[in-house]
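Note sheet for the following structure.
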Amino acid sequence: MRLPSIMLRSVAALAVAAAAALPADYYVSTDGGDDGNDGSFERPYRTIGKAAGIVTAGGTVFVRGGTYRETVTPANSGVAGSPVTFRPYNGERVIVSGADTVTGWTADGTSVYKAALPGAFTSVMNQSYQVFVDGVMLIEARWPNTTADVSRPVKSTITAFVSKTRDDAANWTTAVFEDDNLSPASDGYYNGAQVYVQPSREAWSWTLCGEVTNHSGKRLTIRSRSNSGDVGDGNVDAAGSRYFRYNKKSLLDAAGEWFIDRSTNTLYLRTWKDTPPSQHTVEVKMRDFGFDLDSRSYVTIRGIGLFACAITTDRGAYEYGGDWWTPGCRLSVDDLERDPTAMRAAPLTPALTRETAVVEFFDLAGRRVSFRTVAVDTNRPAGYAPLMHARSAGCYLSRLVTDSREHVGRTAEPMKRR
């Protein structure tokens with residue numbers, strides 16, 4: 001029995017409509033990819049961001065192996081049971097990098113080389129430049145010189161405290177101290193250098209950064225916006241306090257150091273073995289984030305490595321320094337685990353409501369970082385929850401969930417990881 005042609009056309013139309021309703025997958029590749037392609041396996045896009053601007057709920061962006069120097073900002077959220085997913089194709093190694101390469105090196109004296117930066121880095125969360133040679137981070141030029149072990153930086157100590165004055169109207173604190181170990185140099189040599197000070201010898205204290213305004217013999221005068229001082233007496237910087245100076249080209253005197261002249265956007269460096277940088281891959285941090293998931297939910301990022309960048313899931317987590325609730329997207333994460341000690345600083349009640357998973361983070365070992373949002377049955381609005389932190393595979397992840405803005409203070413770490 002033959003079906004009428006109108007029925008055949010209707011069936012065909014329904015099939016086309018059903019196919020069109022299915023979520024599409026997209027492919028990205030550094031090898032032969034082009035954002036003018038259609039995103040198919042045979043004609044992949046060049047950037048993850050191109051696919052992220054198109055993929056919808058239930059769709060997956062398969063990323064071929066390589067390094068992608070971009071911030072990926074999905075245009076769409078997923079839905080329950082059908083997240084937007086980003087993952088490597090067939091287990092290939094994928095890195096999203098916040099750093100760009102630097103080339104065009106010329107010599108600038110013995111062992112020092114210089115090159116123009118590919119751009120200027122303006123951080124939205126007060127981060128600074130980082131410089132890498134073959135994936136290993138260099139040290140910003142400083143005194144005293146230190147090693148590649150950034151967890152144990154070498155510092156000098158204040159031998160004698162001289163004076164400290166505060167100008168509240170101008171918001172400046174001026175301190176004068178002496179250091180018998182100060183390397184010999186003509187007066188004024190260290191003027192203009194930045195200085196980092198821990199103004200207490202035997203106890204905890206707020207650290208401060210400032211600028212050397214005068215150098216004379218073994219004596220330094222520094223100026224800072226911070227009025228931090230010794231514990232018990234903020235009007236002094238205790239003898240024995242540790243400090244170091246940095247961010248001055250003349251301090252670039254050891255292998256593995258760098259300096260950036262921001263007035264000319266020029267990078268100066270010495271590699272770890274004082275070899276020409278043209279023989280290496282030199283990279284400089286240019287972006288805060290590898291993925292920006294602000295106002296997006298039900299997003300899965302699996303098996304993608306991050307280099308010199310992080311993931312943000314709510315812009316309020318950095319625009320307000322991590323201490324504010326801010327209007328934003330309702331986000332939560334799979335498994336809904338909570339370490340009660342992680343929330344002890346927040347005024348929460350025991351009445352909690354389980355949320356549906358919308359965002360998952362996996363490190364390169366396949367381990368999942370889990371967060372939980374809560375609803376409180378008090379006068380607080382639903383979704384009132386603290387800022388949570390986790391560290392995974394060297395990446396800092398943070399998020400903030402709320403329906404209103406209210407100052408509540410920072411919560412503590414850690415969250416559970418498995």
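Listed values, structure above:
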| read-out | value |
| --- | --- |
| The one condition in (1) over 12 Å from Phe177 (Cβ atoms); (2) at pLDDT below 90 that Asn191 fails to fulfil | (2) |
| Enumeration of residues in the range 158-207 that are within 32 Å of the chain's Cα centre (by Cα), over 20 Å from Arg225 (Cβ atoms) and surrounded by fewer than 14 Cβ atoms within 10 Å (Cβ to Cβ) | Glu202, Ala203, Trp204 |
| Some residue of the range 166-188 being part of a loop (DSSP other than H, G, I, E, B), touching a strand residue (DSSP E or B) at 6+ places or on another chain (Cβ under 9 Å) and on the phi > 0 side of the Ramachandran plot | yes |
| Residue check for Ala120: touching a Leu at 6+ places or on another chain (Cβ under 8 Å) and either aromatic (Phe, Trp, Tyr) or not assigned by TED's automatic domain parsing to the domain that holds Val236 (or both) | no |
| Residues satisfying the stated conditions in the range 26-50, i.e. of a type outside the set (A, V, I, L, M), in contact with a helix residue (DSSP H, G or I) (Cβ under 8 Å, 6 or more places away or on another chain) and not in a loop (DSSP other than H, G, I, E, B) | Tyr26, Tyr27, Tyr45 |
| Top-ranked residue in the range 271-292 [being over 30 Å from Gly53 (Cβ atoms) and within 25 Å of the chain's Cα centre (by Cα); ranked as surrounded by the most Cβ atoms within 10 Å (Cβ to Cβ)] | Val282 |
| Given (1) farther than 25 Å from Thr281 by Cβ; (2) part of a strand (DSSP E or B); (3) in contact (Cβ under 8 Å) with a residue 40 or more places away in the chain, number of the condition Pro23 does not satisfy | (2) |
| Single match in Asp179, Asp168, Asp134 (criterion: of a type in the set (D, E, K, R) and touching a His at 6+ places or on another chain (Cβ under 7 Å)) | Asp134 |
| Residue count for the range 281-312, restricted to those that are at pLDDT 90 or above and more than 23 Å from Tyr89 (Cα to Cα) | 8 |
| One residue from Thr106, Thr147, Thr165 being more than 30 Å from Ala239 (Cβ to Cβ) and without any contact (Cβ under 8 Å) to a residue 40 or more places away in the chain | Thr106 |
| Residue match in the range 208-222 (condition: hydroxyl-bearing (Ser, Thr, Tyr) and either under 30 Å from the mean Cα position of the chain (by Cα) or assigned to a loop (DSSP other than H, G, I, E, B) (or both)) | no |
| Some residue of the range 117-127 being out of contact with any Ser or Thr (no Cβ under 9 Å at 6 or more places or on another chain) and under 16 Å from Gly303 (Cα atoms) | no |
| Residue match in the range 69-83 (condition: out of contact with any His (no Cβ under 8 Å at 6 or more places or on another chain), modelled with pLDDT under 95 and either in a strand (DSSP E or B) or within 30 Å of Asp274 (Cα to Cα) (or both)) | yes |
| Condition broken by Ala203, with the remaining ones in (1) without any contact (Cβ under 8 Å) to a residue 40 or more places away in the chain; (2) under 22 Å from Glu140 (Cα atoms) satisfied | (2) |
| Yes/no for Gly217 being without any contact (Cβ under 8 Å) to a residue 12 or more places away in the chain and either out of contact with any Gly (no Cβ under 9 Å at 6 or more places or on another chain) or of a type in the set (D, E, K, R) (or both) | no |
| Test set (1) touching a Leu at 6+ places or on another chain (Cβ under 9 Å); (2) in the same structural domain as Lys114 (by TED's automatic domain parsing); (3) over 17 Å from Ala141 (Cα atoms); (4) among the polar types (S, T, N, Q) - Thr281 fails condition number | (1) |
| Positions within the range 234-267 being in contact with a helix residue (DSSP H, G or I) (Cβ under 9 Å, 6 or more places away or on another chain) and either surrounded by fewer than 19 Cβ atoms within 10 Å (Cβ to Cβ) or closer than 13 Å to Asn145 by Cα (or both), in sequence order | Arg245, Glu257, Asp261 |
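The values are calculated or read from the model by the stated rules, or taken from the named source; none is laboratory data. Note that the coordinates shown come from a computational prediction; the quantities given were computed from them, not determined experimentally. Don't worry about glycine lacking a Cβ; one is built from the backbone with ideal geometry, like all the others, and counts go over all protein chains shown.
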